């Protein structure tokens with residue numbers, strides 16, 4: 001099959017030639033159509049440590065609950081002083097935007113997410129709910145056993161709910177699909193290392209978000225076609241290279257603002273970005289243990305890193321590998337996990353003379369203010385001086 | 001009665017040396033802020049004229065007015081200017097500008113002009129935002145930090161306090177420092193200027209506090225909170241550890257609140273440093289910086305627009 005013909009197959013599935021943003025926007029239609037076609041259950045999940053493979057093995061479609069920018073006239077009644085994304089999730093869920101979802105799973109982590117989960121339990125009693133415990137001490141001696149046992153409890157609950165036992169073969173198939181998916185995402189992400197990447201930051205972010213609301217087997221076909229299309233693209237112009245680190249961003253608006261200023265986001269360390277697909281499940285006889293090790297061993301989210309402080313090193317390695325000129329540290333207002341973690345990141349960046357700019361945001365990015373910040377930050381990094389002035393060296397030293 | 005306490009005097013100045021009009025390259029800068037607007041004219045790198053006015057609700061009209069005031073009766077028209085740089089919150093409304101520039105670069109450049117090359121840390125105290133800027137020894141920004149979303153409107157809030165206390169804004173700083181030898185009272189809320197404003201208004205009501213504060217102390221409490229918040233922004237710029245707030249090199253204030261000793265001296269006290277002073281009005285930093293930043297390219301073109 002020719003490259004062009006293959007690309008058309010992916011384009012048909014999307015309704016537009018690799019318009020991943022459109023797919024994210026139409027995710028509710030997609031899930032409803034999936035449900036009508038398969039008769040399966042759709043499971044909504046909140047937290048980055050949810051082992052989707054188990055739900056997929058049980059025949060479900062796991063979809064991430066994404067915060068959007070919708071007028072919120074509901075959440076004030078139910079949830080007080082949480083971060084904006086969580087309030088927005090409650091707003092959307094209670095308004096029925098996710099009326100096709102049959103159940104919700106939350107994983108031990110952010111307190112605000114748990115609040116949203118509780119609100120839903122109190123308001124939509126007919127849904128299936130499960131709270132999955134996952135240790136904050138991800139590397140403690142018994143953590144993997146605890147996680148494995150919790151995953152087994154989750155699988156049992158799914159069995160009780162759907163009537164279907166999850167066999168080893170089911171888990172193997174799900175792991176195979178998810179591993180392949182992560183591999184494809186990593187392959188695409190690797191292209192961003194190039195001096196002149198063929199993929200923009202906003203396209204990559206929309207792609208990863210679309211990946212989190214679609215059937216992975218179907219997404220894998222699209223990604224394979226997309227990789228072929230990327231091979232045909234000409235390199236983009238030389239631009240200032242930025243990295244985004246911080247609270248989950250839920251959309252690609254920040255990347256778009258960066259691009260509007262003539263720069264590009266070439267790397268990120270976000271739970272809904274590279275951290276989502278960074279590591280694979282290493283197969284072993286005990287499938288649930290393999291999954292436990294994968295999720296405990298993924299790049300730490302801020303929540304799970306307080307006892308280890310491994311994020312700064314991972315962020316540094318990404319910054320080096322992707323040759324970034326500067327880092328945008330963004331934090332959602334009231335994001336307690338990144339609020340307590342951010343200082344360790346900026347300390348590392350400052351010690352290693354990597355330029356960064358830190359700012360707070362709501363789920364709706366204040367565009368004028370953010371544009372003013374970006375403009376000033378990019379002026380600071382403009383080529384001609386940033387590489388020559390030696391910002392890796394301490395000021396005043398040779 | 002219309003309260004006038006928050007109103008500061010508008011300014012206009014032009015060089016006595018009329019020779020500047022014959023300069024090869026004349027550039028201008030406008031800084032359209034939320035509360036004030038400034039324009040500066042630079043002739044072959046020398047400050048030739050400037051003006052500063054209160055920003056109205058119509059930014060475009062404000063930009064036109066302040067530029068016209070700076071050019072005054074010089075006979076220099078906008079077309080004669082080799083380049084015009086615009087900066088500030090309302091910069092898009094300066095229709096006559098040839099270039100749009102970011103605030104950080106402009107204030108950094110302007111501060112270097114106002115305070116000289118020894119200034120390395122610039123703190124722009126604006127009506128809407130606070131920006132701390134660290135400069136290299138040469139004219140380039142090393143780092144900057146801005147206040148958070150929920151801490152905007154600081155300068156505007158102080159204007160409100162002036163009206164409430166019936167103290168002219170030019171005197172409010174010294175007024176807050178006149179505590180009869182007593183130390184500063186506890187600051188009002190340092191989280192958000194809306195909270196700070198509300199809490200300050202509460203201090204006027206004796207039943208809210210057993211130890212009723214006089215006007216000077218109320219003002220001190222408010223301005224201490226402002227200084228506290230500014231210190232947080234400076235801390236983001238310099239520190240490796242939370243709470244480790246220090247200034248490397250010399251400090252220079254820009255923006256309207258640089259005139260407010262009640263804020264600047266409290267910052268100096270906490271940082272154990274003395275800020276640089278200058279014959280130039282620190283409010284002009286953004287406009288002067290904009291005029292200077294568009295100068296090199298304009299000069300390269302031979303002064304032709």
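What follows is calculated from the coordinates using simple rules that are stated; it is not laboratory data. Just so it is clear, the model here is predicted, and its values are computed rather than measured. Every residue, glycine as well, gets a Cβ built from its backbone with ideal geometry; the counts of neighbours run over all protein chains shown.
Prolate is the label for the range A:166-220. Its Cα gyration tensor axes, ordered a ≥ b ≥ c, give a/c of at least 1.5 and a/b above b/c. Working value for the range A:239-398: equivalent-ellipsoid semi-axes of 29, 19, 15 Å, each the square root of 5 times a Cα gyration tensor eigenvalue, largest first. Need one number for chain A: average projected area of the convex hull over its C-alpha atoms, nm². Projected over every direction and averaged, the Cα hull of chain A covers 20.4 nm².
Compared with the alpha-carbon gap, the fully stretched path from residue A:195 to residue A:286 is longer by 28.6 nm at 0.36 nm per residue. Highest mean packing comes first when the peptides B:122-135, B:16-29 are listed by Cβ atoms within 10 Å, giving B:122-135, B:16-29. The orientation-averaged shadow of the Cα convex hull for the protein assembly as shown, equal to a quarter of the hull surface, comes to 36.3 nm².
Suppose R0 equals 51 Å. What FRET efficiency, 1/(1 + (r/R0)^6) with r the Cβ-Cβ distance, do residue B:204 and residue B:80 give to the nearest 0.05? Before the final figure, lay out the partial values.
On the way: r = 53 Å, r/R0 = 1.03.
For R0 = 51 Å, the calculated efficiency reads 0.45.
The distance from the alpha carbon centre of the range A:95-110 to that of the range A:226-278 is 27 Å, rounded to a whole number.
Using alpha carbon centroids, what distance separates the range B:93-166 and the range A:154-222, in Å? The distance from the Cα centre of the range B:93-166 to that of the range A:154-222 comes to 46 Å.
So if the hydrodynamic radius of the range B:38-171 is defined as the Kirkwood radius over C-alpha pairs, what does Stokes-Einstein give as its diffusion coefficient at 4 °C and 1.567 mPa s, in µm² per second? Walk me through the numbers on the way to the answer.
Values: Rh = 16.6 Å.
Here the translational diffusion coefficient equals 78 µm²/s.
If you model the range A:40-166 as an ellipsoid using its alpha carbon gyration tensor, with each semi-axis the square root of five times an eigenvalue, the axes come out at 25, 19, 11 Å, biggest first. Please give the helix B:103-115 orientation as an angle from the longest Cα principal axis of chain B, in degrees from 0 to 90, rounded to the nearest 10. So the helix axis and the longest Cα principal axis differ by about 90 degrees.
Give me the percent relative contact order of the range B:17-150, please, defined on Cα pairs under 8 angstrom at least 6 residues apart. Walk me through the intermediate numbers first.
Values: 251 pairs, mean separation 25.5, N = 134.
RCO, the range B:17-150: 19 percent.
Report, in degrees rounded to the nearest 10, the 0 to 90 angle that the Cα long axis of helix A:168-190 makes with the longest principal axis of chain A. Around 20 degrees separate the two axes.
Neighbour counts of other Cβ atoms within 10 Å put A:18, A:377 in the fewest-to-most order A:18, A:377. Overall, the anisotropy analysis places the range A:84-123 in the oblate class: the square-rooted eigenvalues a ≥ b ≥ c of its C-alpha gyration tensor yield a/c not less than 1.5, with a/b not exceeding b/c. How far is helix B:215-238 tilted off the main Cα axis of chain B, in degrees rounded to 10, range 0 to 90? That works out to roughly 60 degrees. Which residues among the range B:287-304 fall inside the zone where the amide N is under 15 Å from a point 7 Å beyond the Cα of residue B:24, along Cα→Cβ? Within reach of a label on residue B:24, which here means backbone N under 15 Å from a point 7 Å along Cα→Cβ, the range B:287-304 contributes B:295-304.
Return the calculated 222 nm mean residue ellipticity for chain A, to the nearest 500 deg cm²/dmol, obtained by summing -39500 (n - 2.57) across DSSP H runs with n ≥ 4 and dividing by the residue count. Walk me through the numbers on the way to the answer.
Numbers: 17 runs with 199 residues, N = 398.
Calculated mean residue ellipticity at 222 nm is -15500 deg cm²/dmol.
On full extension, the segment bounded by residue B:137 and residue B:15 gains 41.0 nm, given 0.36 nm per residue less the C-alpha separation. Taking A:254, A:291, A:364 as the candidate residues, the one with maximal mean-square fluctuation in a Gaussian network model of chain A, Cα springs under 10 Å, is A:364.
Determine the gain in length on full extension of the stretch residue A:307-residue A:221; use 0.36 nm per residue of separation and subtract their C-alpha separation, reporting nm with one decimal. Provide the component values of the computation, followed by the final result.
On the way: separation 86, 0.36 × 86 = 30.96 nm, distance 3.93 nm.
Between residue A:307 and residue A:221, full extension yields an extra 27.0 nm.
Within the range B:38-76, which residues have the backbone N less than 16 Å from the label spot 7 Å out from residue B:7 along Cα→beta-carbon, could you tell me? Answer for this model: B:52-57. Between residue A:35 and residue A:141, the distance separating the two model label sites (each 7 Å from Cα on the Cα→Cβ line) works out to 4.7 nm. Between the C-alpha center of the range B:1-42 and that of the range A:309-357 there is a gap of 41 Å.
What number in nm² do you get for chain B if you take the convex hull of its Cα atoms and divide its surface by four?
16.6 nm²
Kindly identify the range A:186-272 as rounded, prolate or oblate by the Cα gyration tensor criterion: order the square roots of the eigenvalues as a ≥ b ≥ c, call it rounded if a/c is under 1.5, otherwise compare a/b with b/c, prolate if a/b is larger, else oblate. Oblate shape, in that a/c is at least 1.5 and b/c is the bigger or equal ratio. In plain terms, the residue of B:193, B:5, A:131 with the fewest other Cβ atoms within 10 Å comes first and the most crowded comes last, giving A:131, B:5, B:193. Among beta bridges identified by DSSP and lying wholly in the protein assembly as shown, the antiparallel ones come to about 40 percent.
For chain B, what is the calculated [θ] at 222 nm in deg cm²/dmol (nearest 500), taking -39500 (n - 2.57) for each run of four or more DSSP H residues and dividing by its residue count?
On the way: 9 runs with 105 residues, N = 305.
It comes out at -10500 deg cm²/dmol, rounded to the nearest 500.
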